[in-house]
Each structure stands twice: as C-alpha cells, then as structure tokens.
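As structure tokens, the structure follows; a few thoughts come after it.
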Amino acid sequence: MTTIAKLQQSQLGTPTYHAGMIERTSRIESIDALRGLVMIVMVLDHVRHAFMLTGNPEDVATTTPGLFLTRWITHFCAPVFVFLAGTSAWLYESRGRSKREVARFLFTRGLWLVALEITVISFGWIQTTGLVIWQVIAAIGVAMMTLSALLFVPRWLMITVGIFLIAGQDVYIQAMGWFSGDLAPLRKVLQSGGLISTPAVTMLVIYPVLPWIGVLTLGYAAGGLMSGEPHDRRTRFCKIGVCLVVAFVVIRSLDGFGNMRPFMEQAETGPGWIAFLACEKYPPSLAYLLMTLGPAMLGLALFERVPGTIMRMLQVFGRVPLFFYILHIYMVQSSSRLLFWFTDDSPVLLLGAELSAHEGLSHIALLPIPESLQGVGLFSTYLITAICVAVLYPMCRWFGKLKQRNRSVWLSYL
C-alpha cells in the first residue's frame, strides 16, 4: 500500500459492527440502509407481539388484511439480517484478511452471539431465568461458526451446501427422522425447532439452525456482487431480485415442494392471496426465503438511488444492529409490562403469558393473561413503534459515533 493510500485510509477510519456487523474500512451504504430498514420493521413485529392480543395473524380463517400485512412485512427481517451477515463476512475478508484470520473472527463472534442469546437476550424477552429462547442471534452465531469451517472448502462446494440446506429441506427432514431419544434435542436445534426440557435447562428453539446456515453461507458466497460501481451493483441486484421473485411464484404455485403449508387448502377458509403469501417460517421454507430475499435484492438496488437524508437516517440503525437489537427488546418488553401494570394492575408480559400455556412449561413461573386484559389496536401498535424508533435513534447515533472514536475491544462486540 502506498503512503498516500495509507493516509487516505487513516482519514476514513474503520468503523466496526458485529452479528452481521463486520469491520470495514469503507462501507457500502445500501447494505447499512437495508439493514436499518428491516430493523425498524422488526420493532413493529415485536411491538405487535408485546402489546396486541390477536391470536395468529397468519391464520387465513381469522386474520384481517391489515393484521396479516403487518405481520407479513416483518418476515423480511431475519432473512435479510442473516444474509447480510454472510455478505459482511466476505467484505471483511476482502479487506486483505487471510482465511485463517476470518475463520478465527467468525468462530469467536459466533460463540459470543450464542452466549449472548441464551443469557442477556433471553432474559430481555421473558424476564425470567427459567427458560432460554433460541432465536435469530443464536442461529447467526452457529452459522458463523459453521462458515468458519466452510471457508476452507472449494467455493462450488460451499455454494452447494448452502443451496442444499435451503432447498433440500424436504429431503433432510425425512433423513433426520432417526434422531430420537437422546438425539431428539439435537434434531430440534438443527431442523425442527421445539421445546427441549432437561434437568439443567428448558429451552424453546424457535430458529433451528440448518436453513439459516444455508442463508448465511449463500450471503457470503454472494459477497462479490457488492463490488464495482453503484450502477453495476444496482443492475445485478435488480436481475437477481426479479429471478428470485419469479422463482417464488413458480414454486409456491406448485403448492407442495418448498413449503410445508399448502396454500390451496388454506384458501378454502379465507382469502387466496393471504394463503399464497402465508409461507412457513419456522423453520424457514424455500418459498419463504425466495419471497423475502427476492424483494430484499430489489431493495438493495433501490437504496443505491435513495436520497442521502433517508439513507443516513437508516444507516444510523444499520451500523449498530446488535446494540439496537438488545436495546429494543428490553424497551419493548418492559414498556409492555408497565403499560398493563398501570392499566390492568397486572404486570404481565404477553410473550411470557403465551409461553406459559405451552406444553411442558407449567413449571416455569410466567404470569398468565388475565381475563380482563385488553391489548392495544393496530393503530396504537404503529404509534408505539414510531415512538420506540424515535427514542432509539439518538441512542444509536450516539453509540455509532462512540465506536468511531473509541477503538476499545469491548465496544467491537456490540
């Protein structure tokens, strides 16, 4: 590197981020903006879950268009978050790190994320130590540790593994049927999800890891698409996005392969368009991932042309996603508990109350939902979301600037 190049690099600085928050000497603005947008949408989903009493918003027979779409737009959060975590790993490597350095980084960060999920984040969700909830941060952590090994296999094999873990679920679901007895908990973590009860811990697996390993791996493999000029990236993203959307329509129309929830059967009980879009997320089906990652690629193309003010606002969130994620969980769940305490004299957490009715959780002290409790409506849900985002914005902006100024190692973990 020349002296001039080194001077330019030192002037640019090297902001860092983790859990999809990979250190970079220069940032691709569209990635941070898209991540920031889906994080705002994520708040909407978690506010809905914490403040509304609605039943299942994807039950075609009982949901309303407004409620369904409120839930549906939040489906983009996890796939985009995980995919961009893989892309960021590629960008981290492209700055001159060796594969061994990248592998060490991914493995240690993955361990940290799993530890964070089963302690700080789980407590934030239900505010009890009696239950561990295995969600997207833990899935990203395991996927990062897996990618740290896949870095050393040929690229074609890495891509094959990623595609198989996503598109081959109909195959390996059957193959994992022999995971029973002592191996049953492993199957739940890897593929099926569900409740794991042992004398030491009770854990609810919501995000089984195999499909998400596939998403993060393909995100890494697609990292090269981020190179080049904005116009070139925009063209690539548009083409890929359209292809993925078309593939979703075709596969969903087949009404069998790629999704465990046939829409024709659901359409007999409610609107057909809702049944068509109600794809299986737990675990994420091929149709679900095509439905979300296709528009996400189009979103990356769009953000190559979005006005600077909007981009900068979204990037404030997108550059500190783990900090945002932890902070918003405690904010939303604590606010929900306080609201119901003041209005109904019952400091209940709706998520905890829902889980208390789950088979096998009778031994965990989670308050049930009182019969008199009334949740908020859809309008109030959007209003509360806007308030949360407005409160989080200056906090995230402050923390982002702090990370730029302070190179402490502990800050890099957030």
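Numbers at a glance
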| quantity | calculated |
| --- | --- |
| Helices (runs of 4 or more DSSP H) fully within segment 278-357 counting 2 or more residues that are of a type outside the set (A, V, I, L, M, F, W, C), farther than 20 Å from I133 by Cβ and touching a Phe, Trp or Tyr at 6+ places or on another chain (Cβ under 9 Å) | 286-303 |
| Failed condition for A138, given (1) over 25 Å from Y288 (Cα atoms); (2) at pLDDT 90 or above | (1) |
| Yes/no for G228 being farther than 30 Å from L351 by Cβ and not in a helix (DSSP H, G or I) | yes |
| Residues of segment 323-355 satisfying the condition of being β-branched (V, I, T) and either in contact (Cβ under 8 Å) with a residue 60 or more places away in the chain or under 19 Å from L116 (Cα atoms) (or both) | I326, I329, V332 |
| Where I133 falls short, out of the listed (1) within 18 Å of A221 (Cα to Cα); (2) buried (at least 19 other Cβ atoms within 10 Å of the Cβ) | (1) |
| Unique match (being in a loop (DSSP other than H, G, I, E, B), out of contact with any Cys (no Cβ under 6 Å at 6 or more places or on another chain) and polar (S, T, N, Q)) among T217, T269 | T269 |
| Top-ranked residue of segment 49-79 - restricted to ones that are among the small types (G, A, S) and assigned to a loop (DSSP other than H, G, I, E, B), ranked as nearest to W273 (Cα to Cα) | A61 |
| Matching residues in segment 253-269 - criterion: being out of contact with any helix residue (DSSP H, G or I) (no Cβ under 6 Å at 6 or more places or on another chain), aliphatic (A, V, I, L, M) and more than 17 Å from Y172 (Cβ to Cβ) | L254, M264 |
| Single residue of segment 32-55 satisfying the filter (out of contact with any Lys or Arg (no Cβ under 9 Å at 6 or more places or on another chain) and farther than 19 Å from Q333 by Cβ) that is surrounded by the fewest Cβ atoms within 10 Å (Cβ to Cβ) | G55 |
| Pair list, Cβ under 6 Å, 6 or more apart: segment 213-232 residue farther than 21 Å from G162 by Cα and surrounded by fewer than 20 Cβ atoms within 10 Å (Cβ to Cβ), other residue at pLDDT below 85 and charged (D, E, K, R) | P230/E304 |
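The values are calculated or read from the model by the stated rules, or taken from the named source; none is laboratory data. Computed from a predicted model, the values in this text were never measured in an experiment. Don't worry about glycine lacking a Cβ; one is built from the backbone with ideal geometry, like all the others, and counts go over all protein chains shown.
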